[in-house]
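What follows is a set of notes on a single structure, which appears directly below.
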Amino acid sequence: MTNPQNNTSNSQSSAPEMTVIGTDTQIKGEMFFEKSAKILGGFEGKITAQGEVQISKGANCNAAIEAQSVIVDGQVQGPIVAHGQLTLTANAQVQGDLTAGTLVVAQGASFVGHCNVGPAAQDLINGTQSNQSSNTAPATTQELKGNLTTKVDLTPPWATQTPQTQSA
């Protein structure tokens, strides 16, 4: 009987730990997760995780997100940095810049912003980390904080060129 108990405790320790923010929860501020997080409700601010961040269907985040991997199945307004893989499901609605080692986009996903993917993106991620940890952060860090509100202009470049050609 001690073997089944040992097997049970081993299987529990190998299961990934995940913090869940419920559908009836609205949070403003900064959240840091040592493991993984699943957002079902609303969040405004900054999310950092050493594991995976999941933005579930129905969730709405006006946030900067940085994690090892990110899965978006809801709405995100703000920059997303995934050191590993970033997945946008068919339900994803993202407005903000993406930086990831690998990007997976399902048919039906909506994305407006700039995208940096692959080995060159890893260099950007590493550069971003060193800038954010210093006390003399560049102006772009302050701009990112400002972009977390409704002030951000997410008009795609081709949309801003259209009025210029029509005004002739």
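Quick notes on this structure:
- Out of Gly29, Gly45, sole residue that is on the phi > 0 side of the Ramachandran plot, over 12 Å from the mean Cα position of the chain (by Cα) and either assigned to a strand (DSSP E or B) or surrounded by fewer than 17 Cβ atoms within 10 Å (Cβ to Cβ) (or both): Gly29
- Pairs meeting the criteria (first residue in region 104-123 and buried (at least 16 other Cβ atoms within 10 Å of the Cβ), second residue part of a loop (DSSP other than H, G, I, E, B) and acidic (Asp, Glu), beta carbons under 7 Å, at least 6 apart or on different chains) are Gly113/Asp97.
We did not get these values from a lab; they are worked out from the coordinates using the rules stated. As the structure is a prediction and not an experimental result, all values here were calculated from the model. Ideal geometry is used to build each Cβ from the backbone, glycine not excepted, and the neighbour counts take in all protein chains shown.
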